[in-house]
Amino acid sequence: MTPKICRHCDEEVDDSQAVLAGYHPGNSGPAHPIWAHPQHVQALQEDEGAHTTLLAVLIAQTRTSTST
């Protein structure tokens, strides 16, 4: 069985403590699960918000630069 690795600290998570924090979409096939220690789940959710904001800014910049 594949070990579960915490996305926040990159350390192995024991099956009894592993928390499914979400899924990372794959290019083909099913999404990959994102695992975390219980104490790191909140940090991952905060990082996800920052990534969403950054992505929106980059998309807006790309649209602006290609339309002029």
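Screening the candidates GLY29, GLY22 for the property of being out of contact with any Lys or Arg (no Cβ under 8 Å at 6 or more places or on another chain), at pLDDT 75 or above and surrounded by 10 or more Cβ atoms within 10 Å (Cβ to Cβ) yields one hit, GLY22. If you go through region 1-12 and keep only what is crowded, with 16+ Cβ neighbours inside 10 Å and touching a helix residue (DSSP H, G or I) at 6+ places or on another chain (Cβ under 9 Å), you end up with CYS6, ARG7, HIS8.
You will find that of ASP15, ASP10, the residue that is modelled with pLDDT of 85 or more, among the acidic types (Asp, Glu) and over 15 Å from the mean Cα position of the chain (by Cα) is ASP15 and no other.
Being more than 19 Å from MET1 (Cα to Cα) and either part of a helix (DSSP H, G or I) or touching a residue at least 12 places away in the same chain (Cβ under 8 Å) (or both) is the filter here, so list the residues in region 22-43 that pass it. Across region 22-43, the qualifying residues are GLY22, PRO38, GLN39, HIS40, VAL41, GLN42, ALA43.
The values are calculated or read from the model by the stated rules, or taken from the named source; none is laboratory data. None of these values were measured; they are calculated from a predicted model. For neighbour counting, all protein chains shown are included, and Cβ atoms are generated from backbone atoms with ideal geometry for every residue, glycine included.
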